[in-house]
1. Could you identify the single residue in E400, E395, E367, E407 that is open to solvent by 100 Å² or more (accessible area, probe 1.4 Å) and out of contact with any Gly (no Cβ under 9 Å at 6 or more places or on another chain)?
2. Somewhere in region 172-179, is a residue in contact with a His (Cβ under 9 Å, 6 or more places away or on another chain), among the basic types (K, R) and over 30 Å from L227 (Cβ atoms)?
3. Might you check whether a residue that is of a type in the set (G, A, S) and more than 16 Å from ligand 2 (Cβ to nearest atom) occurs anywhere in region 25-38?
4. When you scan region 150-239 for helices (runs of 4 or more DSSP H) that lie fully inside it, which ones turn up with 3 or more residues that are of a type in the set (V, I, T) and away from ligand 2 (no atom under 16 Å from the Cβ)?
5. Yes or no: R205 of a type outside the set (A, V, I, L, M, F, W, C) and touching a Phe, Trp or Tyr at 6+ places or on another chain (Cβ under 9 Å)?
6. Could you check A331 against (1) open to solvent by 30 Å² or more (accessible area, probe 1.4 Å); (2) among the aliphatic types (A, V, I, L, M); (3) under 27 Å from E110 (Cβ atoms); (4) touching a helix residue (DSSP H, G or I) at 6+ places or on another chain (Cβ under 7 Å) and say which number it fails?
7. Please determine, by comparing only the residues of region 23-55 that are touching a helix residue (DSSP H, G or I) at 6+ places or on another chain (Cβ under 9 Å) and part of a helix (DSSP H, G or I), which one is surrounded by the most Cβ atoms within 10 Å (Cβ to Cβ).
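The values are calculated or read from the model by the stated rules, or taken from the named source; none is laboratory data. Here the structure is a predicted model, which is why all the values come from computation and not from measurement. Ideal geometry is used to build each Cβ from the backbone, glycine not excepted, and the neighbour counts take in all protein chains shown. The area values use the complete protein model at the heavy-atom level, side chains included, leaving out ligands, DNA and RNA. Shrake-Rupley method; radii C 1.70, N 1.55, O 1.52, S 1.80 Å.
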Amino acid sequence: MSYVLGLKCKECGHRVPVSPVHVCEQCFGPYEVEYDYAAMKGKVTRESIASGPKSLWRYRDLLPVDVPVTGFNSGFTPFRKAKRLAQVLGCSNLWIKDDSCNYPTYSYKERVVSVAISKAVEFGFDTVGCASTGNLANSTAAHAAAAGIKCYVMIPHDLEQGKVLGSLIFGPTMVRIRGNYDDVNRLCTEIADKYGWAIVNVNLRPYYTEGAKTHGFEIAEQFGWKLPQHTVVPTAGGTILPKIYKAYQEFIQLGLVEDNKPKIYSAQAAGCNPVVTAIQKGVDIIEPQKPNTIAKSIAIGNPADGYYAYKVVKDSNGWGESASDREIVDAIKLLAKTEGIWTEPAGGTTLAAAIKLIQSGRIPKDESICVCITGNGLKTLEAVQNDLPQPRVIEAKLSEFDELLAENEAAEKKASARAEPVGAL
Ligand SMILES: *Cc1c(COP(=O)(O)O)cnc(C)c1O
Ligand SMILES: [Zn+2]
């Protein structure tokens, strides 16, 4: 049974039945899926959810899909206490939600794409596509292949190799477009209109964005049916941040978790921070920017849902922080060394922002903090390749190894004599 009532405009409240539309016909605001929460009471419970599959579909009652066609191994990623990282930062209750190992293309995008492609098949589309900064293209191409549906992915021309090959392998038609993401997105809107395709993050956007809630549902369930006091989230187009908050609010409304007034924080790269700038200035107009950062997957200068990200941060009494490319790389390395998690620059941005929020006292060190890691470092080798030591080459002789080891130990002694705290930024 589906609890979906229909689509409702976020701005004027205008309602339309479920269909592949995204812009309100009355005011041009975005449509959002509306549910019958009253009907869910007593039926959607901790037990009903816990007895579901170990994938994002365990939250199907809170998603706008009748018949899932893909994503059966997506979502339900690890959530774990980051003890060694917490030690370095001097906090006591630090957690990582780790979508760097989300299946099959290693980013949070499996969540939105699984829902959007299932919905596209329900609507009877034979072709899907997306406007992407890389991860969305990877995920759309993979899930389209699994669902046996034609796929076009459109990306800016200058993405990382790992992101390009990571789509091509699944056999979509890929188009590299001269321009930045905002140019790509504009073209995709025209393509969706002209060819009648399901562009997952354009005309299927109301369904697509709902998939992002599962990141938040999982945090709440895996934290033992409670909410972290502070959740730090990367912001690109502004999908995941408001949807994590919506997930928390839905669980509160259904009585599944207690309302501890969770605060949400936006993380952006300094080279593309339109939402964080608005948050820090306290003005609800998102000024578009021209991106210039190594965090390409979150480099969206004119975010579609930037205003809603801004609003959730303000309503929840959170804040926004940005990170320089240097801080991003340092945070990637710190997370890898302390927790064994290799994230891409988006995750580096989120951790670097979290560190600044903790160090400035905005987030108290002894309260529960969740850092949302949304992508995998193996796709963005470029980000760290000039920042790691070159391994030495030796002959296959024990004496040469002995020598190397002695030199290493001497270097370590010298370093510890300088007494720099491990991994300090
Ligand atoms: C897409 C993406 C995000 C966030 O994007 P939103 O559009 O704000 O939801 C964060 N991290 C990674 C790795 C991404 O690919
Ligand atoms: Zn409207």
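1. Values: E400 fails: open to solvent by 100 Å² or more (accessible area, probe 1.4 Å); E367 fails: open to solvent by 100 Å² or more (accessible area, probe 1.4 Å); E407 fails: open to solvent by 100 Å² or more (accessible area, probe 1.4 Å).
Of E400, E395, E367, E407, the one residue that is open to solvent by 100 Å² or more (accessible area, probe 1.4 Å) and out of contact with any Gly (no Cβ under 9 Å at 6 or more places or on another chain) is E395.
2. Within region 172-179 (the criterion being in contact with a His (Cβ under 9 Å, 6 or more places away or on another chain), among the basic types (K, R) and over 30 Å from L227 (Cβ atoms)), the answer is yes, since at least one residue qualifies.
3. Just the residues of region 25-38 that are of a type in the set (G, A, S), to begin with: 29, 38.
Now restrict to residues that are more than 16 Å from ligand 2 (Cβ to nearest atom): 38.
Yes, that holds for at least one residue.
4. 181-195
5. Yes: the conditions hold for R205.
6. Status for A331: all satisfied but (1).
7. I49
Conditions tested, residue by residue: (1) within 12 Å of ligand 1 (Cβ to nearest atom); (2) surrounded by fewer than 24 Cβ atoms within 10 Å (Cβ to Cβ); (3) in contact (Cβ under 8 Å) with a residue 12 or more places away in the chain; (4) part of a strand (DSSP E or B).
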site	(1), (2), (3), (4)
G71	no, no, yes, no
S74	no, no, yes, no
R80	no, yes, yes, yes
V88	no, yes, yes, no
W95	no, yes, yes, yes
P104	no, yes, yes, no
V113	yes, no, yes, no
